[in-house]
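The values are calculated or read from the model by the stated rules, or taken from the named source; none is laboratory data. As the structure is a computational prediction, the values presented were derived from the model and not from experiment. In this analysis, Cβ positions are derived from the backbone assuming ideal geometry, glycine residues included, and neighbour counts consider all displayed protein chains.
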């Protein structure tokens, strides 16, 4: 029993000494989303984090988890009624069903260091209760990290005006790829 206690103590001590969990600053960290229509019309906006952290071991990223408040979804390129309409539409069942699915998440499952402060990251992205694997590049900086990633909304049952679900949309088509620019501050 004494050996078991010693082993557990050493494991926790090593995690404390060599593993470091860095929580993100929720006020400063942000997500910018961009969606595009076939007509070259572009909409963009923001989302807020509920929580987030990156786990380091021996100065290498070994994990992390992020939760996004889908109710915080805002449009930032329109004003007035157009802005309100688009925000309500994006929150509706046509798009992200935020009342039913108020949170989205990303869990880092593996990383590969490809340069001094550059990582190729694989993670499980969950939107509308659907989880799919995704890859992206994460760049560490003095204040935190930045990420540019793209996800295919059709893989998460976001069907509205998607060519993955409907044909003959013509100039009403909205591209499936949603671009995300993420700024993380520790």
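For beta carbons closer than 7 Å, sequence separation of 6+ or different chains, a first residue in segment 89-100 that is modelled with pLDDT under 90 and a second that is assigned to a loop (DSSP other than H, G, I, E, B), the qualifying pairs are 89/95; 90/96; 94/160; 95/158; 95/160. Residue check, residue 165 against (1) in contact with a helix residue (DSSP H, G or I) (Cβ under 9 Å, 6 or more places away or on another chain); (2) more than 18 Å from residue 42 (Cα to Cα); (3) modelled with pLDDT of 95 or more; (4) loosely packed, with under 14 Cβ neighbours inside 10 Å, all met but one. Which one? Unmet for residue 165, out of (1) in contact with a helix residue (DSSP H, G or I) (Cβ under 9 Å, 6 or more places away or on another chain); (2) more than 18 Å from residue 42 (Cα to Cα); (3) modelled with pLDDT of 95 or more; (4) loosely packed, with under 14 Cβ neighbours inside 10 Å: (3).
Got a number for residues in segment 105-153 being touching a strand residue (DSSP E or B) at 6+ places or on another chain (Cβ under 7 Å) and assigned to a loop (DSSP other than H, G, I, E, B)? Talk me through it step by step, then tell me what you get.
To start, the set of residues in segment 105-153 that are touching a strand residue (DSSP E or B) at 6+ places or on another chain (Cβ under 7 Å) comprises 105-114, 117-127, 131-139, 143-153.
So of that shortlist, the ones also assigned to a loop (DSSP other than H, G, I, E, B) come out as 117, 143.
Qualifying residue count, segment 105-153: 2.
Applying the criterion of being loosely packed, with under 14 Cβ neighbours inside 10 Å and touching a residue at least 40 places away in the same chain (Cβ under 8 Å) to the residues of segment 26-50, the residue that is nearest to residue 117 (Cα to Cα) is 28. Please indicate, with yes or no, whether at least one residue in segment 51-58 is touching a residue at least 12 places away in the same chain (Cβ under 8 Å) and within 16 Å of residue 126 (Cβ to Cβ). Checked segment 51-58: at least one residue is touching a residue at least 12 places away in the same chain (Cβ under 8 Å) and within 16 Å of residue 126 (Cβ to Cβ). For segment 119-144, a residue qualifies if it is under 17 Å from residue 22 (Cβ atoms) and surrounded by fewer than 18 Cβ atoms within 10 Å (Cβ to Cβ), and the qualifying residues are 139, 141, 142, 143. For residue 58, the criteria (1) at negative phi; (2) modelled with pLDDT under 95 hold in every case but one, which is (1).
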